[in-house]
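Report on the structure given below.
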Amino acid sequence: MTDGQAETMFAGIRWVETSGKAICPHCACPSCYEARRPDGALRFRCKGCRKDFSLTSDTLFAFHKMPLRRYLAAIAILATK
Ligand SMILES: [Zn+2]
């Protein structure tokens, strides 16, 4: 799995109501666009409140520094229990 595939899959899990389209965790605005950092980290910017957030902002994964693929593996394990 590539990082891009992991990002798409994680977005689909997090924003299941919008089929993976980002929703701002600050103001719940659905008008967000990708603003990828120069180092490759995926960030989104909200058009409503102009704040940045990441795929893991406001999730239980936000305080960990693990690759997304690890999270997906953990989710897959939890989902089969
Ligand atoms: Zn916002």
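Remarks
- 16 Å reach of a label modelled at LEU78, 7 Å along Cα-to-Cβ, counting backbone N of region 18-61: 55-61
- Fraction of accessible area attributable to carbon and sulfur, the chain (%, probe 1.4 Å): 57
- In the chain, the calculated helix contribution to ellipticity at 222 nm averages -9000 deg cm²/dmol per residue, counting -39,500 (n - 2.57) for every DSSP H run with n ≥ 4.
- Nearest 10 degrees, 0 to 90: helix 68-79 Cα axis against the chain principal axis: 60
- Heavy atoms of the protein chains alone define the surface here; on that basis the chain has 69 Å² accessible area per residue at 1.4 Å probe size.
- Sorting the segments 14-26, 67-79 by their residues' average number of neighbouring beta-carbon atoms within 10 angstrom, most packed first, yields 14-26, 67-79.
The values are calculated or read from the model by the stated rules, or taken from the named source; none is laboratory data. Given the structure is predicted, the values throughout are model-derived calculations rather than measurements. Note that each Cβ is placed from the backbone with ideal geometry, even for glycine, and that neighbours are counted across all protein chains shown. These accessible areas exclude ligands, DNA and RNA; they are computed on the full protein's heavy atoms, side chains included. Shrake-Rupley method; radii C 1.70, N 1.55, O 1.52, S 1.80 Å.
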